[in-house]
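J.: Please find one structure pasted underneath; my questions will follow.
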Amino acid sequence: MNYKAKLKDIKAFVFDFDGVMTDGSVWMYADRETVRCGNIKDGYAIQYAVKKGYIIALISGATSLSINNRMESLGVTRIYTGCANKMATYVTFLRENGLQENQVLCMGDDIPDYEIMSHCGVAACPADAATEIKEMADYISIYAGGKGCVRDVIEQTLRLHGNWFHRDAVNW
């Protein structure tokens, strides 16, 4: 089935952080603090989807106060970091939010994301994802991690649902 046909059922998005919302680079400082770089257009799409009533979740193996701060600033309240078992976290997320697998778009970029991506309505990945992820994905974004892939999948979904920005709705 074409991935766009599956987008009609999507009510929630689950994203990995490093390699999806970032380009995977981590700057490491002597005080053990790490810094990552995100994409402002991805951030805009996330907060827009939240305002439109979509459920957004982050399921990541990484832990950093900056990750939590970024997600909270975008209105995301379902933030799961330090996940050693992403599938267990995903199952809990589905149950707590009354969601079926077909209602979730999952975007990941590497092996730790494989299992949850195998149990969702639409499995998506950035253009620079690991080969194993690309091979199983329903959709491979034309954008790399941290370079607009999150915006890509959110915008496509919201456009299909008639929930994306429309210039005629703006009061000039």
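J.: Calculate, in nm to one decimal, what T34 and E96 gain on full extension: separation in residues at 0.36 nm each, minus their alpha carbon distance.
T.: 19.2 nm
J.: Around A124, under 9 Å between beta carbons, what's the net of Lys plus Arg minus Asp minus Glu among the other residues?
T.: Once all neighbours under 9 Å are counted, the net charge is -2.
J.: Separate question: Calculate the dipole size of the range 101-172 relative to its Cα centre from +1 charges on Lys and Arg beta carbons and -1 charges on Asp and Glu beta carbons; express the result in debye to the nearest 20.
T.: 440
J.: For T22, T34, what ranking results if the residue with the fewest other Cβ atoms within 10 Å of its Cβ goes first?
T.: Least to most surrounded, the residues fall as T34, T22.
J.: Explain nothing, just the number: relative contact order of the range 3-161, from Cα pairs under 8 Å at least 6 residues apart, as a whole percent.
T.: Computed over the range 3-161, the figure is 31 percent.
J.: If you don't mind, there's one more thing I want to ask. Would you pull out the residues with amide H under 5 Å of T22's amide H, same chain only if 5 or more places away, H placed 1.01 Å from N?
T.: Excluding prolines and chain starts, which carry no amide H, the hits are G146.
J.: Taking 19 Å as the cut-off for C-alpha to C-alpha distance, list the pairs among K11/K52; K86/K147; K8/K147; K6/K86 that go past it.
T.: Among K11/K52; K86/K147; K8/K147; K6/K86, the Cα-Cα distance tops 19 Å for K86/K147; K8/K147; K6/K86.
J.: Follow-up question, since we're still on this one. For the chain, can you list the cysteines whose C-beta has no other cysteine C-beta under 4.7 Å from it?
T.: C37, C83, C125, C149, each lacking another Cys Cβ under 4.7 Å.
J.: Here's a follow-up. I need the calculated FRET efficiency for the pair I111 and T77, taking r as the beta carbon distance and R₀ as 45 Å, to the nearest 0.05.
T.: E between I111 and T77, to the nearest 0.05, is 0.95.
J.: Averaged over all directions, how much area does the convex hull of the C-alpha atoms of the chain cover when projected, in nm²?
T.: Quarter of the Cα hull surface area: 10.5 nm².
J.: Please work out whether the range 1-75 counts as rounded, prolate or oblate from its C-alpha gyration tensor, where a ≥ b ≥ c are the square roots of the eigenvalues and a/c under 1.5 means rounded, while otherwise a/b larger than b/c means prolate and anything else oblate?
T.: Note, shape of the range 1-75 comes out prolate.
J.: Measure off 7 Å from each Cα along the Cα-to-Cβ vector at R167 and Y44, then give the distance between these two points in nanometres to one decimal.
T.: In this crude spin-label approximation the distance works out to 1.4 nm.
J.: Another one. Is it possible to state the helix-based mean residue ellipticity at 222 nm for the chain, with each DSSP H run of 4+ residues giving -39500 (n - 2.57), the sum divided by total residues, to the nearest 500 deg cm²/dmol? What is it?
T.: -9500 deg cm²/dmol
No value in this document is a laboratory result; all are computed from the given coordinates. The model shown is predicted, which means the values in this text are computed figures rather than measured ones. So basically every Cβ, Gly included, is an ideal-geometry build from the backbone, and we count neighbours across all protein chains shown.
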